[in-house]
1. Is it fair to say Ala48 is at pLDDT 90 or above and in contact with an Asp or Glu (Cβ under 8 Å, 6 or more places away or on another chain)?
2. Return yes when Val49 is within 20 Å of the chain's Cα centre (by Cα) and over 30 Å from Leu2 (Cα atoms) and no when it is not.
3. Among (1) at pLDDT below 95; (2) exposed (fewer than 13 other Cβ atoms within 10 Å of the Cβ), there is one condition Arg29 misses while meeting the rest; what is its number?
4. Within the set of pairs 6+ apart or on separate chains, which have a first residue in the range 65-78 that is closer than 8 Å to Gly52 by Cα, a second that is hydroxyl-bearing (Ser, Thr, Tyr), and C-beta atoms under 6 Å apart?
5. Tell me whether the range 77-100 contains one or more residues that are assigned to a loop (DSSP other than H, G, I, E, B) and either of a type in the set (Phe, Trp, Tyr) or modelled with pLDDT under 95 (or both).
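The values are calculated or read from the model by the stated rules, or taken from the named source; none is laboratory data. Since the model is a prediction, treat every value here as computed from it, not as a measurement. Positions of Cβ are generated from backbone atoms using ideal geometry, with glycine treated the same way; all protein chains shown enter the neighbour counts.
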Amino acid sequence: MLGLLLALAGLIAAWAGGRGVMLLIRGIRNADDPASSLSVIRGIRGIAVAIGTLSLVAGVLFAQTWLVVFGGVFLAEELYETGVVVLVLRAAERERVSASGMGGGVHPSH
């Protein structure tokens, strides 16, 4: 049963890493697009999830405590860090839209 869970976690990590690489490449290719920053961050997040999950799987598989600890700490730190960056980027996007008058509402300073 544990082997099945580890295999499933490995597949999820591979999917997250592959999707992360695709998003990262898309964000870099379309650097002039305002949404490219979010694509890059989401790509980095996918790659970080893959690294953290694979470290956790390897730690359990090979009974290496340091890999389990590294995987957990790396995963938690990267998800927190990229989450904060996404919040900042989305807030900046909302500010840009409302400042250009495309927000559909009245800006509070008017």
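1. Against the criterion (at pLDDT 90 or above and in contact with an Asp or Glu (Cβ under 8 Å, 6 or more places away or on another chain)), Ala48 qualifies.
2. no
3. The number of the failed condition is (1).
4. Phe70/Ser55; Gly71/Ser55
5. Keep residues of the range 77-100 that are assigned to a loop (DSSP other than H, G, I, E, B), which gives 100.
From the residues that got through so far, the ones that are either of a type in the set (Phe, Trp, Tyr) or modelled with pLDDT under 95 (or both) too are 100.
Within the range 77-100, one or more residues are assigned to a loop (DSSP other than H, G, I, E, B) and either of a type in the set (Phe, Trp, Tyr) or modelled with pLDDT under 95 (or both).
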